[in-house]
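Quick notes on the structure that follows.
The values are calculated or read from the model by the stated rules, or taken from the named source; none is laboratory data. Keep in mind it's a predicted model, so treat the numbers as computed, not measured. Because the Cβ atoms are built from the backbone with ideal geometry, glycine has one as well, and the counts that use them run over all protein chains shown. Side chains included, ligands, DNA and RNA excluded: accessible areas come from the protein's heavy atoms. Shrake-Rupley method; radii C 1.70, N 1.55, O 1.52, S 1.80 Å.
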Amino acid sequence: MIQKVIVLGGGSAGFMAAIALKAKIPALEVLVIRSKEIGIIGVGEGSTTGLTRFLHNFLAVHPKKFFDQAQPIWKLGLKFLWGPRRSFNYTFGPGLDSLVTPMSKRLAYYCDADEAMDNAEVFAAMMARDRVFLRDRRGAMHMHSSFAYHFENEKFVAYLEQYAGVVGVKMLDDTVRQVTQDDSGITGLNLASGSTQAADLYVDCSGFASVLLSKTLGEPYDSFRSTLFCDRAVIGGWDRGDEPIKPYTTCETMNSGWAWQIEHEHRINRGYVYCSSFISDEEAEREFRAANPKVGPTRVVPFLTGCYRRNWVNNVVAIGNASGFVEPLEATALSVIATQARMLVGTLIDADREIRPLHTAYFSDMNRRLWESIRSFIAIHYKFNTRLDTPFWRECREKTDMASAQAYVDFYLENGPSGYWQQLQLETFDQFGAAGYIALLVGMKVPHRASFRASEGEKKMWGQYAGDNQQVASDAFDVRQALAAVRSSKWEWPGHMMGQ
């Protein structure tokens, strides 16, 4: 029976895993070993709704303390400056896969015009107007549940560290100098202080270094380079002036990749993800600064996209970047950590903490499917983006390996934005669903062979429906108003934020 767990690494992955283990299995002894020498990456970070549910529903994180300390900003989705439209919104709401009575087809079929797509659902309409929460009939703010977060990573990790202490996680500031092992796996961690720590299970959250899974156990790494060509990012930002706080991540096409914009209350974070085969670091820096004249100091972060063949080997399970990495185009890193942490907790509980070979095999299989589904979804972004005709984007359109997304794309090309057979088309553990695929393909105006023309009656109904969305969105709370509302002494957090 597993009695003690060592979590190696004190970033978001390490603390999320440690909190989940201790909160859900209180009898476990959980120790986080983190090195001040290594620190954390410390960039602006976006998330998806998977993290929101993990925090507030699974871990029962109280929203008031969380907002006071982590200081997140709400995120309704992603705005893409991508493809032939001026822009399009991919929301965390019902999406273009929805049917609205009495319309005969899903919303996606009515979105030829840019304005139509902007108002196809109320969440897209709010994003188009930089609004985040609707007003109820009394004029008060109604906090829906279809949102994720933007964080400044340092503040998020600081909150997690504090919460880990509250639930009983032990912490040790030290650096691993040597790892000992035998045929059964890791036997101990020799630390710079001269002490040795040992456990029954080791959770590798050491980031790209993957100290236990890769460096010690030598697990093979499978590259996603045939799908994802980018391998570097130049990162910077500036202090916010009078710019509106946008409730979404902006994803903007660049000559040799793409740039993100992540919103914080007092700062704007920008980064340019690019392919070093098409542009040098110096050229990327110049292009990045030309598009963002306010940006301050920058730094370049290299990365490899792919995942380890197994992420649970012997008595080591890797979580987060120690298990794999897919570039941040859909802000999936934190939701992957949340999913892996929940899977680990669920496996230990189901097995009564007595892990057997098929537990680790199935865990690794689901982990690989998780990474592969993200890889495949991001492939669509590159394969069909016609916004720029540069060497990089021509290469993407010609050579991107669609992996498991090919089945969904083939159906779309033949039948249009229908989600009817989605369960057969999508991989297990695909977090995006038909709505995500449809938002991208319709957003980039990928042509298909389906022939649907709305009747005059339906066009009229659509106009009324879209107009209603536009009206209520125009009257909604913007981010600054929403922050003022939740900081008021009169504010009451809704049940879905309180684990109910």
Among all residue pairs at least 6 apart or on different chains, which show Cβ distances below 8 Å where the first residue, located in the range 241-252, is under 13 Å from residue 79 (Cβ atoms) and the second is part of a strand (DSSP E or B) and at pLDDT below 95? 249/46
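Looking at 329, 348, can you tell me which residue is at pLDDT 95 or above and not charged (D, E, K, R)? Don't jump to the end; show me each part of the working.
Details: 329 fails: at pLDDT 95 or above.
Result: 348 is the single residue among 329, 348 that is at pLDDT 95 or above and not charged (D, E, K, R).
For residue 173, are the conditions met, namely being buried (at least 21 other Cβ atoms within 10 Å of the Cβ) and either in contact with a Pro (Cβ under 6 Å, 6 or more places away or on another chain) or among the charged types (D, E, K, R) (or both)? It would help to see each step written out before you state the result.
Working: buried (at least 21 other Cβ atoms within 10 Å of the Cβ): no; either in contact with a Pro (Cβ under 6 Å, 6 or more places away or on another chain) or among the charged types (D, E, K, R) (or both): yes.
Criteria not met by residue 173.
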Considering only residues that are open to solvent by less than 20 Å² (accessible area, probe 1.4 Å) and in a strand (DSSP E or B), which ones fall in the range 192-206? 201, 202, 203, 204
Breaking point among (1) open to solvent by less than 60 Å² (accessible area, probe 1.4 Å); (2) under 25 Å from residue 473 (Cα atoms), for residue 22: (2)
Could you list all residues from the range 451-462 that are surrounded by 13 or more Cβ atoms within 10 Å (Cβ to Cβ) and either touching an Asp or Glu at 6+ places or on another chain (Cβ under 7 Å) or outside any loop (DSSP other than H, G, I, E, B) (or both)? 458, 461, 462
Name every residue in the range 1-60 that is charged (D, E, K, R) and either over 19 Å from residue 353 (Cα atoms) or out of contact with any strand residue (DSSP E or B) (no Cβ under 6 Å at 6 or more places or on another chain) (or both), in order of residue number. 24, 34, 36, 37, 45, 53
Restricting the range 337-386 to residues that are within 27 Å of residue 11 (Cα to Cα), of a type in the set (Phe, Trp, Tyr) and open to solvent by less than 40 Å² (accessible area, probe 1.4 Å), which is farthest from the chain's Cα centre (by Cα)? 363
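Take the conditions surrounded by 19 or more Cβ atoms within 10 Å (Cβ to Cβ), at pLDDT 95 or above and among the small types (Gly, Ala, Ser) and apply them to residue 9. Does it pass? If you could, list the steps in order and put the result at the bottom.
Numbers: surrounded by 19 or more Cβ atoms within 10 Å (Cβ to Cβ): yes; at pLDDT 95 or above: yes; among the small types (Gly, Ala, Ser): yes.
Against the criterion (surrounded by 19 or more Cβ atoms within 10 Å (Cβ to Cβ), at pLDDT 95 or above and among the small types (Gly, Ala, Ser)), residue 9 qualifies.
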Could you figure out which of (1) at negative phi; (2) in contact with a helix residue (DSSP H, G or I) (Cβ under 7 Å, 6 or more places away or on another chain) isn't true of residue 83? (1)
Could you tell me which numbered condition residue 418 fails, if it satisfies all but one of (1) more than 29 Å from the chain's Cα centre (by Cα); (2) small (Gly, Ala, Ser); (3) in a loop (DSSP other than H, G, I, E, B)? (1)
Count - residues of the range 302-336 that are more than 22 Å from residue 218 (Cα to Cα) and either out of contact with any strand residue (DSSP E or B) (no Cβ under 9 Å at 6 or more places or on another chain) or part of a loop (DSSP other than H, G, I, E, B) (or both): 3
Looking at 131, 137, which one is outside any helix (DSSP H, G or I), of a type outside the set (A, V, I, L, M, F, W, C), touching a strand residue (DSSP E or B) at 6+ places or on another chain (Cβ under 8 Å) and farther than 30 Å from residue 455 by Cα? 131
Only one of (1) closer than 30 Å to residue 368 by Cβ; (2) in contact with a Gly (Cβ under 9 Å, 6 or more places away or on another chain); (3) not small (Gly, Ala, Ser) does not apply to residue 309, and that is (2)
Can you name every residue in the range 393-407 that is surrounded by fewer than 18 Cβ atoms within 10 Å (Cβ to Cβ) and over 18 Å from residue 426 (Cβ atoms)? 394, 395, 397, 398, 399
Out of (1) within 22 Å of residue 28 (Cα to Cα); (2) touching a residue at least 12 places away in the same chain (Cβ under 8 Å), the one residue 372 does not meet is (1)
For the range 158-170, how many residues are of a type in the set (A, V, I, L, M, F, W, C), over 23 Å from residue 316 (Cα atoms) and surrounded by 19 or more Cβ atoms within 10 Å (Cβ to Cβ)? 0
Step by step: first the residues of the range 155-191, then only those that are among the small types (Gly, Ala, Ser) and over 32 Å from the mean Cα position of the chain (by Cα), then the one that is farthest from residue 357 (Cα to Cα). Which residue is that? 188
Do we have any residue at all in the range 281-301 that's open to solvent by less than 50 Å² (accessible area, probe 1.4 Å) and on the phi > 0 side of the Ramachandran plot? no
Which one is modelled with the highest pLDDT among residues in the range 421-450 that are surrounded by fewer than 13 Cβ atoms within 10 Å (Cβ to Cβ) and part of a helix (DSSP H, G or I)? 424
Output the residues belonging to the range 207-254 that are under 27 Å from residue 2 (Cβ atoms), part of a loop (DSSP other than H, G, I, E, B) and open to solvent by 30 Å² or more (accessible area, probe 1.4 Å). 217, 218, 220
Every residue in the range 483-499 that is hydroxyl-bearing (Ser, Thr, Tyr) and either touching a residue at least 12 places away in the same chain (Cβ under 8 Å) or open to solvent by 60 Å² or more (accessible area, probe 1.4 Å) (or both), please. 489
Out of all the residues in the range 61-115, which are crowded, with 16+ Cβ neighbours inside 10 Å, of a type outside the set (Lys, Arg) and in a strand (DSSP E or B)? 73, 74, 77, 78, 80, 81, 88, 89, 90, 91
Inspect the range 147-159 for any residue being without any contact (Cβ under 8 Å) to a residue 60 or more places away in the chain, part of a loop (DSSP other than H, G, I, E, B) and more than 26 Å from residue 29 (Cα to Cα) and give the result as yes or no. no
